[in-house]
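Heads up, the thing below is written out as structure tokens.
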Amino acid sequence: EDEAFLAAFQARIDAEEKIEPNDPMPEGYRKTLVRQIGQHAHSEIVGMLPEGNWITRAPSLRRKAALLAKVQDEGGHGLYLYSAAETLGVSREEMTEELLSGKAKYSSIFNYPTQTWADIGAIGWLVDGAAIMNQIPLCRCSYGPYARAMIRVCKEESFHQRQGYEIMMRLARGTPEQKEMAQDALNRWWWPSLMMFGPSDGDSQHSDQSMKWKIKRFTNDELRQKFVDATVPQGEFIGLTFPDPDLKWNEEKGGYDFGAIDWDEFWRVVKGHGPMNRERIEARRKAWEDGAWVREAALAHAEKRKARREA
Ligand code: FAQ
């Protein structure tokens, strides 16, 4: 890759042109996108597990129908994202193998257990809320297929966020026991939600280059701050307390100050040692193995059809 090619590519990015699958692109750009879109796809699919755990135990038919639809949406998001990554020359099989071997990451947040029904509220409100904050800017990502996939994904995430917040609101205004459940869920999900945005800017290895290529439009810390500023008033509105004694409005910066994130916990979870990492990967491995006969049958069918056509 010579200087002239890289400069011409950067000029297209700077001019806000979308890069499309057959366009020439630097190998690093392609690899970064495969890594990020792959991780994003895996997150959606693994993200079905914590909430899937509550579908059979939802407290009413209405709640069950909404949760079922939400989890199904996540499956759909995973499929769009795998397809977007496939336009970069990687196959779904390869991506799945990387997930199962631990080479490809998925969001740390999905390695925490869902202990009560209130966790379903907290996930919708906080986890989908964080996902939206991170993904709205991705609708303007320089890579066309990823940017376009994000538009529909964000619309659906917005429904998910409201459904979660509404669960929290109802619990927070319910009996003392229900309010206690909502508070306990907030206590357990708040810090892991802040960790979703990734390491702080000083420790984020990919941010500078990804910002230059306009894959990312904001840094991890910028998005984390926006999320805190948007979410704290929502929690206070329903009478919940955030588990952070250092959380305080800062008039001067026009945002909240908040306490230090436990980065040791973050890296432990990212490296595979969170509370549910083993179960999550085991569930995906089982699904992949259980589906082997479907892949084999589809392949055999395609080969038969091809042979028939050629006969
Ligand atoms: N968990 O240099 P950076 C959802 C890794 S939303 C695990 O800052 P980058 C919806 C990172 O990959 C969740 N690993 O990296 C839903 C890198 O490792 P690598 C998914 C993390 O890429 C809601 C290393 O640390 N959303 O699923 C995490 O510039 C409810 C260094 O980090 C997306 O994936 C983490 N939290 O920035 C579903 C959005 N943070 O790859 C169900 C797209 C960082 O070199 C229910 N992704 N790492 O081995 C992104 O925006 C970016 O990839 C970031 C990380 C911001 C996540």
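The values are calculated or read from the model by the stated rules, or taken from the named source; none is laboratory data. All of these numbers come straight from a predicted model, not from anything done at the bench. Glycine also receives a Cβ, built like all others from the backbone with ideal geometry; neighbour counts cover every protein chain displayed.
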Q. What number of residues in the stretch 129-150 are assigned to a helix (DSSP H, G or I), farther than 30 Å from residue 58 by Cβ and either among the hydroxyl-bearing types (Ser, Thr, Tyr) or more than 10 Å from the ligand (Cβ to nearest atom) (or both)?
A. 7
Q.
Go through the stretch 194-217 and report how many residues are more than 6 Å from the ligand (Cβ to nearest atom) and assigned to a helix (DSSP H, G or I).
A. 8
Q | Candidates 231, 241, filtered to the one that is outside any helix (DSSP H, G or I) and polar (S, T, N, Q) | A | 241
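Name the residue, out of 222, 265, 236, 252, that is touching a residue at least 40 places away in the same chain (Cβ under 8 Å) and of a type in the set (Asp, Glu).
Every option except 265 fails the conditions.
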(Q) Take the conditions modelled with pLDDT of 95 or more, within 22 Å of residue 86 (Cβ to Cβ) and either away from the ligand (no atom under 13 Å from the Cβ) or not in a helix (DSSP H, G or I) (or both) and apply them to residue 179. Does it pass? (A) no
Q. How many residues does the stretch 113-128 contain that are within 12 Å of the ligand (Cβ to nearest atom) and polar (S, T, N, Q)?
A. 1
Q) When the stretch 276-311 is examined, which residues are found to be surrounded by 12 or more Cβ atoms within 10 Å (Cβ to Cβ) and not in a helix (DSSP H, G or I)? A) 276
Q: Please verify whether the stretch 148-164 includes one or more residues that are crowded, with 22+ Cβ neighbours inside 10 Å and touching a Cys at 6+ places or on another chain (Cβ under 6 Å).
A: yes
